[in-house]
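This report refers to the structure that appears directly beneath it.
The values are calculated or read from the model by the stated rules, or taken from the named source; none is laboratory data. For clarity, every value in this text was computed on a predicted model and none was experimentally measured. Here the Cβ positions follow ideal geometry from the backbone for every residue, glycine too, while neighbour counts run over all protein chains shown. Surface accessibility is based on the protein's heavy atoms, side chains included, excluding ligands, DNA and RNA. Shrake-Rupley method; radii C 1.70, N 1.55, O 1.52, S 1.80 Å.
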Amino acid sequence: MVNTTIAEASHSSREERTLPRKHEVGYDFDFIVIGSGFGGSVSAHRLTEKGYKVAVMEMGRRWTPDNLPRTSWSIRRWIWRPKLGLRGFFNLRFFRHATIFHGCAVGGGSITFACTLLPPPEKVWENGSWRGLADWKTEMARHYETASRMLGITENKILGPADHLLKKAADAAGFGETFYCTKVGIFQAADGGPGNQTFADPFFGGEGPARTTCIGCGGCMMGCRYGAKNTLDLGYLYLAEKNGARIFPETRVVNVQPITGAGANADGSAGYLVETVKSTAWIGQQRQRFTCRGVVFSASSLGTMELLFRLKEKGSLPAVSNQLGQHVRTNSESLIGARTPGYSQDLSQGVAIGSGIYIDEHTHIEAVRYPSGSDAMGFLTTILTNGRPGPRRVALWLKNVIVSLVRHPIKTVRVLQPLGWAREFVCLLCMQALEGEIEMRWQRPWFWPFRRFLVSRGEKVPTYIPKANEFAQKYAQLTGGFPMSMLPEILFDVPGTAHCIGGCVIADSCTRGVVDAHHRVFNYKNMYVCDGSVVAANLGVNPSLTITALAERAMSFIPPAGEMDWKDSA
Ligand SMILES: Cc1cc2nc3c(=O)[nH]c(=O)nc-3n(C[C@H](O)[C@H](O)[C@H](O)COP(=O)(O)OP(=O)(O)OC[C@H]3O[C@@H](n4cnc5c(N)ncnc54)[C@H](O)[C@@H]3O)c2cc1C
Ligand code: SF4
């Protein structure tokens, strides 16, 4: 490892590229994996298993039941904005086309995700740029099976009041037969109870950690404080670390370049230099340099796009395909819900996403909840407003709020203020498996022309799915509550999504995508992308199981350490 001071780090870019040669320094690692989410954890585990020396660089912190926040009011330990002193595991990024929610932690999105792990419909392999590049349906079946076993997927056995209401509302609307209990990555007692019982490793033949059964507190998205959620740090990453992988938390990768230099012909065959800074440092960057023979980008769809754009711009990886940032998908989501002030039951009980229904062939709704006391998101919800987006919808929303305040002043004030929100609110997450994509570009925005950022371009993503709004109204009628919308969707016509995928999609050539069907980055050697950015079609379901299965498949092509010739390329 080569440590650099801040003064050294500020050398001119020409001097920075005078790099140590591999025979002078040896390699610190065989592989460096950037990011420790679903793609990164699978990669780290499978590579250590094959005998490689692996490091995992992770921007976020390590979390344990002891340091996780109790509720979402503990903003400092929930939200990730290190420059503002917020060092949590949940990040929000605002774009013109979508507000994107994603995880940032050792274990990536698994710390904050809602543990729903569903396979997509088979038709997704017939759409997008990956079509025809492999016998996906046959090949993926075994990788889904491995991924499901490793993530400990089970059918949810803990149905809370919100799930029972979803069933009732679906019955009333005529979709009752589509109701299903979600498949979740949660350690639940065989019959759904009792919770809080600790057992020796139930998943990995004694190689994994002891685990405790789920109590159905609804807290999955605030991080599980009971050790019941199958987060990656208790599975793939735990095993990788046990096998010798070194995890570097709070370490952000800022540069990756071929060891032979960064000229147009440098293809990485002699290895890579990876530079990092401390992501949570207040003063100084604590820059470090590492050498390795191969690199796996697993920084998530947004994270990998952002890093590759930066490296392409600064000349470290100039040959990355110009398709970078194309075919970004948001799962066509809309968040709606219902809030019932003073409801007789605690709607936060259950697991974060306990059940779902299909309201038509393409449209899928899940009942989502936050744990009791986690009411901060209540600021983002408001009275449901139908209609086409734009100034008219904003005007209609204002009218709805005023009419409601006049008719039911106390109830309306109660529904608009956040206290008690998690116990009274059920979020309905609506996803559509319809094609639709945006583009991410690396540009100077008009409001800040001093540096480039990721900016979204393309057709607007729909924020108003009329059938979903109708269903929210039915749901609210059952409880005597208010149907609700997300405020940013109404005010700014911007949908929220936790499922951003694509941007470095799998394709047959660098004129159509960024990686080949083995996840190898076009124009480079021993460089891979294993995360949500490679997904080349709208899945219509939560994507983590597919990202895991794709990473399992990608790693299956890498030979054991003793047989590797380090010439792997697309
Ligand atoms: C609140 C919420 C609920 C969700 N619920 C579900 C669900 O129920 N089911 C489901 O399937 N999906 C869910 N998701 C989505 C899921 O979390 C993501 O799809 C998944 O985590 C993506 O996996 P990934 O491997 O692409 O990257 P991630 O899991 O996002 O991991 C990427 C990691 O890379 C790190 N990183 C980024 N840049 C750098 C850098 N430069 N240097 C070092 N590290 C870096 C990040 O900190 C992050 O930890 C949810 C997401 C959120 C936010
Ligand atoms: S419902 Fe509670 S106990 Fe169960 S996995 Fe989620 S956070 Fe953990």
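Please go through segment 358-393 and pick out each residue that is within 17 Å of ALA173 (Cα to Cα) and either acidic (Asp, Glu) or within 16 Å of ligand 1 (Cβ to nearest atom) (or both). Show your work before the answer.
We begin by selecting, within segment 358-393, every residue within 17 Å of ALA173 (Cα to Cα); these are 358-367.
Those that are within 17 Å of ALA173 (Cα to Cα) and either acidic (Asp, Glu) or within 16 Å of ligand 1 (Cβ to nearest atom) (or both): ASP360, GLU361, HIS364, ILE365, GLU366, ALA367.
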For segment 287-330, give me each residue that is in contact with a Ser or Thr (Cβ under 8 Å, 6 or more places away or on another chain), hydroxyl-bearing (Ser, Thr, Tyr) and under 18 Å from THR251 (Cβ atoms). SER298, SER300, THR304
When (1) touching a residue at least 24 places away in the same chain (Cβ under 8 Å); (2) open to solvent by less than 20 Å² (accessible area, probe 1.4 Å) are applied to PRO462, the one that fails is (2)
Can you find, within segment 99-144, the residue that is nearest to the chain's Cα centre (by Cα) among those that are more than 16 Å from ligand 2 (Cβ to nearest atom) and on the phi > 0 side of the Ramachandran plot? GLY108
Quick check on my filter: what residues within segment 49-73 are surrounded by 22 or more Cβ atoms within 10 Å (Cβ to Cβ) and more than 10 Å from ligand 1 (Cβ to nearest atom)? TYR52, VAL54, ALA55, TRP63, SER72
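Kindly evaluate VAL413 against the criterion of being in a strand (DSSP E or B), farther than 20 Å from GLU361 by Cα and at pLDDT 90 or above. Working first, answer last.
Working: in a strand (DSSP E or B): no; farther than 20 Å from GLU361 by Cα: yes; at pLDDT 90 or above: yes.
Judged against the criteria, VAL413 is not a match.
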Selected residue (only one of TRP130, TRP136 is without any contact (Cβ under 8 Å) to a residue 12 or more places away in the chain, out of contact with any His (no Cβ under 9 Å at 6 or more places or on another chain) and open to solvent by less than 10 Å² (accessible area, probe 1.4 Å)): TRP136
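Test SER556 against the stated conditions and say whether it is among the small types (Gly, Ala, Ser), more than 20 Å from ILE153 (Cβ to Cβ) and open to solvent by 30 Å² or more (accessible area, probe 1.4 Å). Spell out how you get there, then give the answer.
On the way: among the small types (Gly, Ala, Ser): yes; more than 20 Å from ILE153 (Cβ to Cβ): no; open to solvent by 30 Å² or more (accessible area, probe 1.4 Å): yes.
No; evaluated as a whole, the condition is false for this residue.
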Evaluation of ARG93 against (1) more than 30 Å from GLN443 (Cβ to Cβ); (2) basic (Lys, Arg); (3) within 11 Å of ligand 1 (Cβ to nearest atom) (one fails), failing number: (1)
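For segment 214-271, how many residues are in a loop (DSSP other than H, G, I, E, B), more than 25 Å from LEU317 (Cα to Cα) and away from ligand 2 (no atom under 16 Å from the Cβ)? Walk me through it before giving the result.
We begin by selecting, within segment 214-271, every residue in a loop (DSSP other than H, G, I, E, B); these are 214-216, 218-219, 223-228, 230-231, 235, 243-245, 249-250, 259-271.
Those still in the list that are more than 25 Å from LEU317 (Cα to Cα) too: 214-216, 218-219, 223-228, 230-231, 235, 243-245.
Pick out the ones that are also away from ligand 2 (no atom under 16 Å from the Cβ) and you get 243-245.
Number satisfying all stated conditions: 3.
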Evaluate segment 153-164: report whether one residue or more is closer than 30 Å to ALA561 by Cα, modelled with pLDDT of 95 or more, more than 11 Å from ligand 2 (Cβ to nearest atom) and open to solvent by 30 Å² or more (accessible area, probe 1.4 Å). no
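Restricting the search to segment 288-317, which residues are open to solvent by less than 10 Å² (accessible area, probe 1.4 Å), within 17 Å of ALA44 (Cα to Cα) and away from ligand 1 (no atom under 12 Å from the Cβ)?
Our first condition is that a residue be open to solvent by less than 10 Å² (accessible area, probe 1.4 Å); within segment 288-317, this holds for 290-292, 294-298, 301-302, 304-305, 308, 311, 316-317.
The next check asks that each one be within 17 Å of ALA44 (Cα to Cα); those that pass are 290-292, 294-298, 304.
PHE290, THR291, CYS292, GLY294 - these are the residues of segment 288-317 that are open to solvent by less than 10 Å² (accessible area, probe 1.4 Å), within 17 Å of ALA44 (Cα to Cα) and away from ligand 1 (no atom under 12 Å from the Cβ).
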Among the candidates LYS168, LYS137, LYS157, residue that is more than 16 Å from ligand 1 (Cβ to nearest atom), closer than 27 Å to ALA536 by Cβ and not aliphatic (A, V, I, L, M): LYS137
Kindly state which strands (runs of 3 or more DSSP E) lie completely within segment 319-407 and contain at least 2 residues that are modelled with pLDDT under 90 and touching a Cys at 6+ places or on another chain (Cβ under 8 Å). 333-339, 363-368
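Go through segment 416-451 and count every residue that is open to solvent by 40 Å² or more (accessible area, probe 1.4 Å), outside any loop (DSSP other than H, G, I, E, B) and under 29 Å from GLY513 (Cα atoms). Write out each step before concluding.
Taking segment 416-451 as the starting set, the residues that turn out to be open to solvent by 40 Å² or more (accessible area, probe 1.4 Å) are 416-417, 419, 423, 434-435, 437, 439, 441, 443-444, 446-451.
Within this subset, residues satisfying the condition of being outside any loop (DSSP other than H, G, I, E, B) are 416, 423, 439, 441, 443.
If we keep only those that are under 29 Å from GLY513 (Cα atoms) as well, we get 439, 441, 443.
Final tally of qualifying residues: 3.
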Mind listing just one residue for me: the one in segment 325-368 that is away from ligand 2 (no atom under 16 Å from the Cβ) and small (Gly, Ala, Ser) and, of those, nearest to ASN127 (Cα to Cα)? SER332
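What tally of residues in segment 452-461 results from selecting those that are of a type in the set (A, V, I, L, M, F, W, C) and part of a loop (DSSP other than H, G, I, E, B)? Write out each step before concluding.
Restricting attention to segment 452-461, the residues satisfying the condition of being of a type in the set (A, V, I, L, M, F, W, C) are 453-455, 461.
Checking the rest, the ones that are also part of a loop (DSSP other than H, G, I, E, B) come to 461.
Qualifying residue count for the region: 1.
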